[in-house]
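The values are calculated or read from the model by the stated rules, or taken from the named source; none is laboratory data. Keep in mind that what you see is a predicted model, and the values were worked out from it rather than measured. Cβ sites come from the backbone with ideal geometry, for glycine too, and all protein chains shown count toward neighbours. These area figures cover heavy atoms from the full protein model, side chains too; ligands, DNA and RNA do not enter into them. Shrake-Rupley method; radii C 1.70, N 1.55, O 1.52, S 1.80 Å.
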Amino acid sequence: ITSGRTIRITAGGAIQQGGTWQTEGLGTTGPTKPATADIVVTSGGTITQHTHASTESTGGITYEAAGAISLTSLVAKGAVEVNTSGGIIDANGTATNISGPSVRLISGADITGLDLAVDSLVGQFAGSAKTINLRNDKTLRIDRLIAGTAAENTQTTIAVSRGDVIFNNDLSKNPDVAHLYAKPDLAREKTGVVNGNFSTGTLNILAEKGR
């Protein structure tokens, strides 16, 4: 599927993706030729990207499902969001699953072996999640990280293969993320990663060639 406009795919059941879905920026803004276009995929069941599937967007990408989401390749010029009540599954081995300027991961179950190439991360992990495994290939800024899980002994590991891990808490220097802390009634929402809400479990931050 290729389009110069936003692509929306919605299903009450499972979505199986076997090919490439992409939007093309036509380079001219206007009512008929948008410069960027998003891809939005919504499922009442699971979403599965098979071996040779890929999603490429000149704007943002959103994948939202009631069940598990298996990812091969999401590449966006804008923000990426993956939101599921189930888990997020790596479907391509050691290759990069998500590329873009930023990613928001919302998961109700495990995330195993997900490879990222992003500048900033918002992670919200809840439900039955016991294992969260993320790896980024460059300096990573963590804008918000919440793991309010019902499961005990949760293991969350975020590794950076090159560069640094930066915890972004100073809103005076980062007004662009002020909207993330707009709920004053919830301490964990307004304090960002100062209070990560890890009541039970372990958070591992690994910077292999950075700090």
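Across segment 118-136, which residue is farthest from Ala147 (Cα to Cα) among those that are open to solvent by 20 Å² or more (accessible area, probe 1.4 Å) and in a strand (DSSP E or B)?
Asp119
Just one of (1) hydrophobic (A, V, I, L, M, F, W, C); (2) open to solvent by 20 Å² or more (accessible area, probe 1.4 Å); (3) modelled with pLDDT of 65 or more trips up Ala187, so point out which.
(3)
Determine which member of the set Gly113, Gly86 is closer than 30 Å to Thr58 by Cβ, in contact with a Lys or Arg (Cβ under 9 Å, 6 or more places away or on another chain) and either open to solvent by 10 Å² or more (accessible area, probe 1.4 Å) or assigned to a strand (DSSP E or B) (or both).
Result of the check over Gly113, Gly86: Gly113.
May I ask you to say which residue of Gly93, Gly78, Gly108 is surrounded by fewer than 20 Cβ atoms within 10 Å (Cβ to Cβ) and either in contact (Cβ under 8 Å) with a residue 60 or more places away in the chain or touching a strand residue (DSSP E or B) at 6+ places or on another chain (Cβ under 8 Å) (or both)?
Residue meeting the stated conditions: Gly78.
Of the conditions (1) at pLDDT below 75; (2) within 19 Å of Ile88 (Cα to Cα); (3) not in a loop (DSSP other than H, G, I, E, B), Val193 clears all except one; give me its number.
Of the numbered conditions (1) at pLDDT below 75; (2) within 19 Å of Ile88 (Cα to Cα); (3) not in a loop (DSSP other than H, G, I, E, B), the odd one out for Val193 is (2).
In a strand (DSSP E or B), touching a residue at least 24 places away in the same chain (Cβ under 8 Å) and over 17 Å from Gly123 (Cα atoms): is that true of Val103 in this structure?
No; evaluated as a whole, the condition is false for this residue.
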